[in-house]
Every structure is written in structure tokens, then in C-alpha cells.
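S.K.: Please read through the structure below; I'll follow up with questions.
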Amino acid sequence: MSGLLNKHLVAKAFAIITVGGIGTYTVSSFFGQQAFAEWPMPQRVFGKGPAFKYLQLHSSETVSHNTKRLCFKLPGGENAQSGLNLTSALLTFCKPGGSWLPVLRPYTPISRLDKPGFIELLVKKYPNGKASTHLHNLKPGDSLLFIASIPGFCWTPNKFSHVYLIAGGAGITPIYQLAQGILDNPVDRTKVTVVFGVNTEEDLLLRPEFDAYKQQYPDRFDIHYTVSRPKKGFAPERGIRSGYITKELLAELMQGRSEKDTNVFVCGPPAMEQALLGSSPFGKRGNGILEQLGYSKDKIHRF
């Protein structure tokens, strides 16, 4: 969604070779008789690595005071799919008006990765943000250049019995993509707990989608919201509390050392990630909150 995805992801995108494929023959059986038919496989728009695809904006929807949901058409229409694997991002290229240099930014799609015909981004506009301002100014019919796919954590269904997904602010997009991919996969039985911290209630992006999953999968999915700067008169309700993502909060929501078969995924602003992971500005990781709660480094992944 935003610059919260680290700069190393941008560099990583240029080190991967694109692969892909189209078309195959499928064999079907009807009442015991074999029938052969040629069915076109969905066109995979993005494979691994460089892509250089211009996508046309189909629609732009304002979802909060500083965030828009942008839906782009995939070339190939209803026979096209993103071709991305779960926990992937896309690297965009734009040259905003008044800018001397082009701007590259990674964004994580929030639409189902097998959705035919379209791909959706959730873009938060930052003060003086060149790329986000440019994207917010796009009108239906305008095009944006996507230059590469960026793979993330290699997800395997049912590898873990339970995962914790911790997000701060705009870091919710890769967290949502992973939760969506797990819960929409009928063969994946992984339990998911999301902890989402924001500044204000208006920043609780994708809340309707998360709440719908909570209602649909009450035994497998749970989400906890926390607001650090609630409005005057804010009354905590079920699932929403005031405050930051702290050690005390996570100790209450997570099982720690007693839970062996688990993994923790984190994406948020630098201060939050530094507190959780023990990261320094120079990339070194110390004894952060998650390690204090019993989660070793190999059980923690930062988007």
C-alpha cells in the first residue's frame, strides 16, 4: 500500500526473472465417457520479476479522509488474473507533475489475487507524498505503470496451526492480503488473529471486510482494534480499545511460549516495528517485545 514496505523490496524486484505460461488441455469425464476440450487457462498478468505493464484505472473510491481504493483493469479482461502469489506486492512507477525524477513505490493488492479482470489497491495519501498524491489524482481512464512483482513470505497452507498478524496504520494491506488468502482458501485451516493499531477511528481501514470474516469464521478468525488518539467521548466497544500496541496488550491476546506451532507477521510504521522487533535504525535486531513474549526470530516475519 505504501512506503511502509521496505526499500529492499524495490531492489529485490529487479533481481528476479519473469516466468509464466498460458493455455493447456483439460480432460473431463461425463457419465463415464472421456471428453477432450481445449480450455484457455486464465492469463497471468504478473509473474515473478519485471513486468512493465500499463494498467488503466477503472474506478476510484474514497474510503476515508486520506485513503482511496483504486481498481485497475487487467489486460485480457475476464480471462486475466493477477498471477501473484500470496504475500506479493507490486512496484509502481510514476513521474508526478513538478517532479524532476520518477518515483517508485510498492503497493500490496487487497483484491483476491485470482479475481478476474481487475486488481485493487488501497492507497493512503501522505503529506508531501509524491507517489500517493499522484495516484489519488488519477481519474478513470488514466494509466499507471507497474514494473515488477515483489514476492514476500512463501506461504504454505496449514504449515502453522495459528498465525498472528500485527499491523499499524497503512501496514494493514499485506496483513489483510494474507488473512484473506488464508480464509478464502477452503483447504487452509490455519487460525488467524489480527491486531490492528491506528491513530483514529477513521483510520480503521478494511474494517467491514475484517468484521465480515469474523462473522463468517468465528472459530478461526479474530481481530482486535486499538486506537491511540480516540475522539473525545470515545467509549471502548467489543473488539475496539484505546491505546497503542503494547507488550501488555499482546501478552493478553497472544499465547507466547505455550504455543509452538505458530508464526507472527508484522507491518507498520518504523516506531512500532522497532518496538516489536527490537530493530535499530541500522537494521540490527535486538530483544523486542515479541522476543520478550517468547517468539524467536525464526517465528517472526516483517513485511
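Just so it is clear, none of the values below were taken in a lab; they were calculated from the coordinates. As the structure is a prediction and not an experimental result, all values here were calculated from the model. For neighbour counting, all protein chains shown are included, and Cβ atoms are generated from backbone atoms with ideal geometry for every residue, glycine included.
S.K.: Can you list the trypsin sites (Lys or Arg not before Pro) in the range 142-192 that are in a DSSP coil and have 13 or fewer other beta carbons within 10 angstrom?
M.R.: Answer by residue number: Lys159, Arg189.
S.K.: In nm, give the distance between the simple-model label positions of Ser143 and Arg241, each being 7 Å from the Cα along the Cα-to-Cβ direction.
M.R.: It works out to 5.0 nm between the two label points.
S.K.: Any aspartates and glutamates with Cα under 20 Å of the Lys191 Cα? List them, leaving off those in the same chain fewer than 8 positions away.
M.R.: In chain and number order, the partners are Glu209, Asp211, Asp219, Asp222, Glu252, Glu259, Asp261, Asp298.
S.K.: Can you give the alpha-carbon Rg of the range 190-279 over 2.2 N^0.38 Å, where N counts its residues?
M.R.: Ratio of Cα Rg to 2.2 N^0.38 Å: 1.13.
S.K.: Quick one: if the Förster radius is 51 Å, what FRET efficiency do Glu259 and Asn79 give, using the C-beta to C-beta distance and rounding to 0.05?
M.R.: Using R0 = 51 Å, I get an efficiency of 0.75.
S.K.: Also: Would you mind getting me the FRET efficiency between Arg189 and Leu104? Use the beta-carbon distance for r and R0 = 51 Å, nearest 0.05.
M.R.: 0.85
S.K.: To continue, here is another question. Could you state the number of Å between the C-alpha centres of the range 224-303 and the range 118-168?
M.R.: For the range 118-168 versus the range 224-303, the Cα centre distance is 21 Å.
S.K.: I've got another one for you. Sort 143-154, 214-225, 166-177 by packing, meaning the average of other beta carbons within 10 Å per residue, with the highest value first.
M.R.: 166-177, 143-154, 214-225
S.K.: Under 5 Å between amide H atoms, partner at least 5 residues away or on a different chain: which partners does Val195 have, H built in plane at 1.01 Å?
M.R.: Leu165, Ile166, Ala167, His224
S.K.: What nm value, rounded to one decimal, do you get for the distance between Asp211 and Ser296 when each label is placed 7 Å out toward the C-beta?
M.R.: 4.1
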